[in-house]
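Below is one structure; the comments refer to it alone.
The values are calculated or read from the model by the stated rules, or taken from the named source; none is laboratory data. Everything numeric in this text was worked out from a predicted model, so none of it was measured. As a convention, Cβ positions derive from the backbone with ideal geometry for all residues, glycine included, and neighbour counts pool all protein chains shown.
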Amino acid sequence: MASIVSSQKPAIVHIQTVQATSIKVLFDSLRDILTDVNIHFTKKNLWIKAMDSSHVALIYLCLEAEHFEVFNCESDIIAGVNMTSISKLIKTITPQDTVSFTIHSNNPDKLEIAISNSGKNSQSVSLLNLLDINEDTYEIPDVKYNSVVKIPSTDFQKICRDLSSIGDVVKITSNSTELIFEVKGDFATQSICIGSGGGIIQSQHEGEEVSEEFSLKYLNLFTKSTNLGNTVELYFKKNRPMIALYKVGNLGRVQYALAPRVSEDDL
(Lines give C-alpha, C1' and ligand atoms only; values in the text may rest on other atoms or scores of the structure.)
Protein backbone atom coordinates (compact mmCIF):
# COMPACT_ATOMS: atom_id res chain seq x y z
CA MET A 1 0.00 0.00 0.00
CA ALA A 2 1.44 3.38 -0.97
CA SER A 3 1.72 5.99 1.73
CA ILE A 4 -1.31 8.29 1.82
CA VAL A 5 0.86 11.30 2.57
CA SER A 6 3.90 10.47 0.49
CA SER A 7 2.36 9.40 -2.81
CA GLN A 8 3.50 12.54 -4.64
CA LYS A 9 6.58 13.52 -2.63
CA PRO A 10 10.18 12.53 -3.35
CA ALA A 11 11.86 10.84 -0.39
CA ILE A 12 15.44 11.22 0.82
CA VAL A 13 14.88 8.34 3.25
CA HIS A 14 12.32 5.56 2.89
CA ILE A 15 12.50 2.27 4.79
CA GLN A 16 9.86 -0.39 5.33
CA THR A 17 9.61 -3.66 7.24
CA VAL A 18 7.02 -6.29 8.04
CA GLN A 19 8.76 -6.82 11.39
CA ALA A 20 6.76 -3.96 12.83
CA THR A 21 6.27 -5.51 16.27
CA SER A 22 10.05 -5.76 16.73
CA ILE A 23 10.31 -2.03 15.95
CA LYS A 24 7.54 -1.33 18.45
CA VAL A 25 9.21 -3.34 21.23
CA LEU A 26 12.58 -1.77 20.42
CA PHE A 27 11.49 1.84 20.76
CA ASP A 28 9.32 1.05 23.76
CA SER A 29 12.36 -0.39 25.55
CA LEU A 30 14.65 2.49 24.59
CA ARG A 31 12.36 5.32 25.65
CA ASP A 32 12.93 4.77 29.38
CA ILE A 33 16.71 5.03 28.93
CA LEU A 34 17.11 7.65 26.21
CA THR A 35 15.28 10.94 25.73
CA ASP A 36 16.29 12.85 22.59
CA VAL A 37 18.56 10.97 20.19
CA ASN A 38 19.79 11.11 16.61
CA ILE A 39 18.90 8.26 14.28
CA HIS A 40 21.57 7.90 11.59
CA PHE A 41 20.43 6.63 8.19
CA THR A 42 23.08 5.42 5.74
CA LYS A 43 23.02 3.31 2.59
CA LYS A 44 23.86 0.20 4.61
CA ASN A 45 21.99 0.63 7.87
CA LEU A 46 20.37 2.80 10.46
CA TRP A 47 22.06 3.24 13.80
CA ILE A 48 21.88 4.95 17.17
CA LYS A 49 24.76 5.41 19.57
CA ALA A 50 23.87 7.30 22.72
CA MET A 51 24.26 7.43 26.50
CA ASP A 52 21.59 7.88 29.13
CA SER A 53 21.38 11.22 30.92
CA SER A 54 23.45 9.93 33.86
CA HIS A 55 26.22 8.69 31.53
CA VAL A 56 26.08 5.24 33.08
CA ALA A 57 24.69 3.22 30.16
CA LEU A 58 25.68 3.29 26.48
CA ILE A 59 23.23 2.02 23.88
CA TYR A 60 24.26 0.96 20.40
CA LEU A 61 21.60 0.00 17.88
CA CYS A 62 22.31 -1.16 14.34
CA LEU A 63 19.66 -2.38 11.89
CA GLU A 64 20.94 -3.64 8.54
CA ALA A 65 19.46 -2.36 5.27
CA GLU A 66 19.56 -5.81 3.64
CA HIS A 67 16.99 -7.17 6.10
CA PHE A 68 14.33 -4.55 5.33
CA GLU A 69 11.77 -5.05 2.57
CA VAL A 70 12.56 -1.51 1.43
CA PHE A 71 15.60 0.56 2.41
CA ASN A 72 16.32 3.62 0.30
CA CYS A 73 18.83 6.19 1.53
CA GLU A 74 21.15 7.75 -1.04
CA SER A 75 23.20 9.84 1.40
CA ASP A 76 23.82 9.93 5.14
CA ILE A 77 20.87 11.51 6.96
CA ILE A 78 20.54 12.35 10.66
CA ALA A 79 17.05 12.53 12.19
CA GLY A 80 16.72 13.83 15.74
CA VAL A 81 13.76 12.29 17.56
CA ASN A 82 12.20 12.23 21.00
CA MET A 83 11.99 8.58 22.02
CA THR A 84 8.78 8.91 24.00
CA SER A 85 7.05 10.67 21.10
CA ILE A 86 8.04 8.08 18.49
CA SER A 87 7.04 5.28 20.84
CA LYS A 88 3.58 6.79 21.27
CA LEU A 89 3.08 6.98 17.51
CA ILE A 90 3.84 3.30 16.93
CA LYS A 91 2.18 1.83 20.03
CA THR A 92 -0.84 0.71 17.96
CA ILE A 93 1.26 -1.67 15.83
CA THR A 94 -0.07 -5.24 15.64
CA PRO A 95 1.69 -8.41 14.36
CA GLN A 96 -0.09 -8.10 11.01
CA ASP A 97 1.17 -4.58 10.34
CA THR A 98 3.92 -3.15 8.16
CA VAL A 99 5.70 0.01 9.27
CA SER A 100 7.60 2.54 7.16
CA PHE A 101 9.67 5.60 7.99
CA THR A 102 10.09 8.34 5.40
CA ILE A 103 11.72 11.77 5.20
CA HIS A 104 10.70 13.85 2.18
CA SER A 105 13.01 16.27 0.42
CA ASN A 106 10.40 19.03 0.52
CA ASN A 107 9.63 18.43 4.22
CA PRO A 108 12.96 17.45 5.81
CA ASP A 109 11.94 18.49 9.32
CA LYS A 110 9.29 15.77 9.59
CA LEU A 111 9.52 12.00 9.90
CA GLU A 112 6.56 10.27 8.30
CA ILE A 113 5.55 7.06 10.08
CA ALA A 114 3.06 4.89 8.19
CA ILE A 115 1.50 1.79 9.73
CA SER A 116 -0.26 -0.36 7.13
CA ASN A 117 -2.40 -3.48 7.30
CA SER A 118 -3.02 -5.04 3.90
CA GLY A 119 -5.58 -7.49 5.27
CA LYS A 120 -7.77 -4.63 6.48
CA ASN A 121 -6.75 -2.33 3.61
CA SER A 122 -5.98 0.32 6.20
CA GLN A 123 -3.18 2.75 6.94
CA SER A 124 -2.41 5.33 9.59
CA VAL A 125 0.13 8.07 8.88
CA SER A 126 1.81 10.34 11.43
CA LEU A 127 4.26 13.19 10.95
CA LEU A 128 6.76 13.47 13.77
CA ASN A 129 8.56 16.76 14.29
CA LEU A 130 12.31 16.21 14.02
CA LEU A 131 14.70 17.82 16.48
CA ASP A 132 18.07 19.52 16.12
CA ILE A 133 20.16 17.60 18.66
CA ASN A 134 23.77 18.32 19.56
CA GLU A 135 25.26 14.87 19.71
CA ASP A 136 28.33 13.74 21.60
CA THR A 137 30.56 11.27 19.81
CA TYR A 138 31.07 7.94 21.54
CA GLU A 139 33.65 5.46 20.38
CA ILE A 140 33.15 1.82 21.24
CA PRO A 141 36.60 0.31 21.86
CA ASP A 142 37.39 -2.99 20.22
CA VAL A 143 37.73 -5.04 23.38
CA LYS A 144 37.85 -8.82 23.52
CA TYR A 145 35.55 -10.01 26.30
CA ASN A 146 36.82 -13.16 27.97
CA SER A 147 33.37 -14.28 29.13
CA VAL A 148 30.33 -14.51 26.86
CA VAL A 149 27.16 -16.22 28.07
CA LYS A 150 23.89 -16.79 26.21
CA ILE A 151 20.80 -17.42 28.33
CA PRO A 152 17.02 -17.25 27.76
CA SER A 153 15.98 -13.60 27.78
CA THR A 154 12.96 -14.40 29.99
CA ASP A 155 15.27 -15.98 32.60
CA PHE A 156 17.48 -12.89 32.68
CA GLN A 157 14.43 -10.67 33.05
CA LYS A 158 13.05 -12.74 35.92
CA ILE A 159 16.38 -12.84 37.75
CA CYS A 160 16.81 -9.06 37.56
CA ARG A 161 13.21 -8.44 38.60
CA ASP A 162 13.32 -10.88 41.52
CA LEU A 163 16.63 -9.58 42.88
CA SER A 164 15.39 -5.99 42.72
CA SER A 165 12.94 -6.76 45.53
CA ILE A 166 15.93 -7.32 47.84
CA GLY A 167 18.56 -4.77 46.82
CA ASP A 168 19.70 -2.20 44.27
CA VAL A 169 23.04 -3.72 43.27
CA VAL A 170 23.80 -7.18 41.91
CA LYS A 171 27.17 -8.87 41.90
CA ILE A 172 27.55 -11.00 38.77
CA THR A 173 30.24 -13.66 38.63
CA SER A 174 31.00 -15.54 35.43
CA ASN A 175 33.35 -18.51 35.14
CA SER A 176 33.79 -21.55 32.93
CA THR A 177 30.94 -23.51 34.50
CA GLU A 178 28.34 -21.11 35.88
CA LEU A 179 26.86 -17.64 36.08
CA ILE A 180 26.12 -16.36 39.59
CA PHE A 181 23.92 -13.41 40.61
CA GLU A 182 24.20 -12.18 44.21
CA VAL A 183 22.37 -9.38 45.99
CA LYS A 184 22.55 -8.00 49.53
CA GLY A 185 19.67 -6.03 51.01
CA ASP A 186 18.65 -4.59 54.36
CA PHE A 187 16.61 -7.65 55.30
CA ALA A 188 18.13 -10.53 53.27
CA THR A 189 20.72 -11.77 50.83
CA GLN A 190 20.10 -13.99 47.83
CA SER A 191 22.13 -15.74 45.16
CA ILE A 192 20.99 -17.36 41.92
CA CYS A 193 23.28 -19.75 40.08
CA ILE A 194 22.84 -20.86 36.47
CA GLY A 195 24.96 -23.80 35.35
CA SER A 196 26.20 -24.94 31.98
CA GLY A 197 23.90 -27.46 30.32
CA GLY A 198 20.96 -26.08 32.29
CA GLY A 199 19.93 -22.45 32.05
CA ILE A 200 23.03 -21.51 30.08
CA ILE A 201 22.43 -22.11 26.38
CA GLN A 202 25.96 -21.32 25.26
CA SER A 203 29.10 -19.94 26.91
CA GLN A 204 32.68 -19.03 26.12
CA HIS A 205 35.15 -18.31 28.88
CA GLU A 206 38.88 -17.67 28.89
CA GLY A 207 41.11 -16.99 31.87
CA GLU A 208 40.07 -16.17 35.43
CA GLU A 209 36.50 -15.68 36.53
CA VAL A 210 34.99 -12.22 36.22
CA SER A 211 33.09 -10.65 39.12
CA GLU A 212 31.64 -7.13 39.04
CA GLU A 213 28.75 -5.21 40.58
CA PHE A 214 26.02 -3.54 38.52
CA SER A 215 22.92 -1.42 39.03
CA LEU A 216 19.73 -3.50 38.99
CA LYS A 217 17.76 -0.42 38.01
CA TYR A 218 19.52 -0.30 34.65
CA LEU A 219 19.52 -4.05 34.12
CA ASN A 220 15.75 -4.05 34.57
CA LEU A 221 15.46 -1.28 31.98
CA PHE A 222 17.54 -3.37 29.57
CA THR A 223 15.25 -6.37 30.04
CA LYS A 224 12.37 -4.43 28.52
CA SER A 225 13.91 -5.76 25.29
CA THR A 226 13.07 -9.32 26.34
CA ASN A 227 10.29 -9.68 23.74
CA LEU A 228 12.72 -8.93 20.92
CA GLY A 229 14.00 -12.50 20.97
CA ASN A 230 14.32 -15.73 22.92
CA THR A 231 17.89 -15.17 24.09
CA VAL A 232 20.23 -12.49 25.39
CA GLU A 233 24.02 -12.55 25.14
CA LEU A 234 25.89 -11.24 28.18
CA TYR A 235 29.52 -10.10 27.87
CA PHE A 236 31.83 -9.71 30.87
CA LYS A 237 35.40 -8.52 31.38
CA LYS A 238 37.09 -7.33 34.56
CA ASN A 239 36.88 -3.56 35.07
CA ARG A 240 34.93 -3.16 31.82
CA PRO A 241 31.24 -2.45 31.18
CA MET A 242 29.07 -5.52 30.83
CA ILE A 243 27.11 -5.80 27.59
CA ALA A 244 23.63 -7.20 27.09
CA LEU A 245 22.98 -7.92 23.42
CA TYR A 246 19.51 -8.55 22.01
CA LYS A 247 18.70 -9.35 18.39
CA VAL A 248 15.96 -7.15 16.89
CA GLY A 249 14.07 -9.84 15.00
CA ASN A 250 16.43 -10.49 12.10
CA LEU A 251 16.86 -6.77 11.38
CA GLY A 252 19.96 -6.29 13.52
CA ARG A 253 20.90 -5.91 17.16
CA VAL A 254 20.79 -3.59 20.13
CA GLN A 255 23.59 -3.55 22.70
CA TYR A 256 23.31 -2.16 26.19
CA ALA A 257 26.63 -1.43 27.91
CA LEU A 258 26.60 -0.78 31.65
CA ALA A 259 29.60 0.42 33.63
CA PRO A 260 30.38 -1.56 36.79
CA ARG A 261 29.81 0.13 40.10
CA VAL A 262 32.93 1.48 41.77
CA SER A 263 33.16 0.61 45.46
CA GLU A 264 34.83 2.85 48.02
CA ASP A 265 37.61 0.27 48.33
CA ASP A 266 38.53 0.85 44.69
CA LEU A 267 38.91 4.62 45.10
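Consider only pairs whose beta carbons are under 6 Å apart and that are at least six residues apart or on different chains; among these, list those whose first residue lies in the stretch 162-184 and is under 18 Å from Gly198 (Cβ atoms) and whose second residue is in a strand (DSSP E or B) and of a type in the set (Phe, Trp, Tyr).
Ile172/Phe181; Ser174/Phe236
Starting from residues that are charged (D, E, K, R) and under 19 Å from Phe41 (Cα atoms), keep the ones in the stretch 89-128 and report whichever is nearest to the chain's Cα centre (by Cα).
To start, the set of residues in the stretch 89-128 that are charged (D, E, K, R) comprises 91, 97, 109-110, 112, 120.
Subsequent filtering for residues that are under 19 Å from Phe41 (Cα atoms) retains 109-110, 112.
Working: Asp109: 25, Lys110: 24, Glu112: 22 Å.
Among residues in the stretch 89-128 that are charged (D, E, K, R) and under 19 Å from Phe41 (Cα atoms), the one nearest to the chain's Cα centre (by Cα) is Glu112.
Filter the stretch 116-154 for residues that are aliphatic (A, V, I, L, M) and more than 26 Å from Gln96 (Cα to Cα) and give the result.
Of all residues in the stretch 116-154, those aliphatic (A, V, I, L, M) come to 125, 127-128, 130-131, 133, 140, 143, 148-149, 151.
Matches in the stretch 116-154: Leu130, Leu131, Ile133, Ile140, Val143, Val148, Val149, Ile151.
In the stretch 155-193, how many residues are assigned to a helix (DSSP H, G or I) and surrounded by fewer than 16 Cβ atoms within 10 Å (Cβ to Cβ)?
If we filter the stretch 155-193 for residues that are assigned to a helix (DSSP H, G or I), which is where we start, we get 155-164.
Going one step further and asking which of them are surrounded by fewer than 16 Cβ atoms within 10 Å (Cβ to Cβ), we end up with 158, 161-162.
Total satisfying the criteria: 3.
Taking strands (runs of 3 or more DSSP E) that do not extend beyond the stretch 19-132, which have at least 2 residues that are modelled with pLDDT of 95 or more and surrounded by 19 or more Cβ atoms within 10 Å (Cβ to Cβ)? Steps first, answer last, please.
Values: elements: 36-41, 45-51, 57-64, 70-73, 77-82, 98-104, 107-117, 122-129.
Passing ranges, in order: 36-41, 45-51, 57-64, 70-73, 77-82, 98-104, 107-117.
Cβ contacts < 6 Å: first residue touching a residue at least 12 places away in the same chain (Cβ under 8 Å), restricted to the stretch 237-259; second residue part of a loop (DSSP other than H, G, I, E, B) and β-branched (Val, Ile, Thr), any location; separation 6+ or different chain. Result?
Correct list of pairs: Ala259/Val56.
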